[in-house]
Amino acid sequence: MDEFRTLTLSAAVYVAHHMREMDRECLRAVSTITDPEVFGLNRWQTDGAAWALFDTFNEPVAIGGISQHVPWCGTAWMVATDAMQPASWKKLIRHSRKVFRNAAKSIPRIEAQVLAGWAEADVFARSLNFELEGVRRRAGRDGQDILTFVYQGSP
């Protein structure tokens, strides 16, 4: 059975080394961090809530959280491996909805950045009740457009 746990350094580095190719492309577009070890360490050290999803074989298959650089605004992030199964995705969506709903009680704005053209990530953000706020034209490293989604919870 899948299980969510507080993010550990070993889980963060494992998922960073095994992330899906589209996750790697998105990371390359929006960050200067390209080394999996450094990315895993960075996610583990993030300011804010962070978790890992472990599969039935006790392997981490996804990591995510909300990095919070200021108290009133957070940035949602998530990386998965190709080992994610459909049932794991469903559990991840349910868990994430609850996390964002609870976080919105104290964080007025939670953002998510999605590489334009990555249809699955767009659908995923919307399934978590994020709304498309706008397009950051040519904001990616190689001129890619980046979609900005926002979750504001209840006023």
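We did not get these values from a lab; they are worked out from the coordinates using the rules stated. Keep in mind the model is a prediction, meaning the values are calculated, not measured. Here Cβ is always computed from backbone atoms with ideal geometry, including for glycine, and neighbour counts include all displayed protein chains.
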How many residues are within 15 Å of the chain's Cα centre (by Cα) and aromatic (Phe, Trp, Tyr) when one looks only at segment 27-72? 3
Can you pull out every residue in segment 100-126 that is surrounded by 13 or more Cβ atoms within 10 Å (Cβ to Cβ), among the small types (Gly, Ala, Ser) and under 21 Å from VAL70 (Cβ atoms)? ALA103, ALA104, ALA112
Condition test on THR34, is it out of contact with any Leu (no Cβ under 8 Å at 6 or more places or on another chain) and of a type in the set (Ser, Thr, Tyr)? no
Determine which single condition GLU111 fails, assuming it passes every other condition in (1) of a type outside the set (Ser, Thr, Tyr); (2) in a helix (DSSP H, G or I); (3) touching a Phe, Trp or Tyr at 6+ places or on another chain (Cβ under 9 Å). (2)
Identify all residues within segment 127-144 that are surrounded by 14 or more Cβ atoms within 10 Å (Cβ to Cβ), under 14 Å from GLU25 (Cβ atoms) and over 18 Å from the mean Cα position of the chain (by Cα); write none if there are none. GLN144
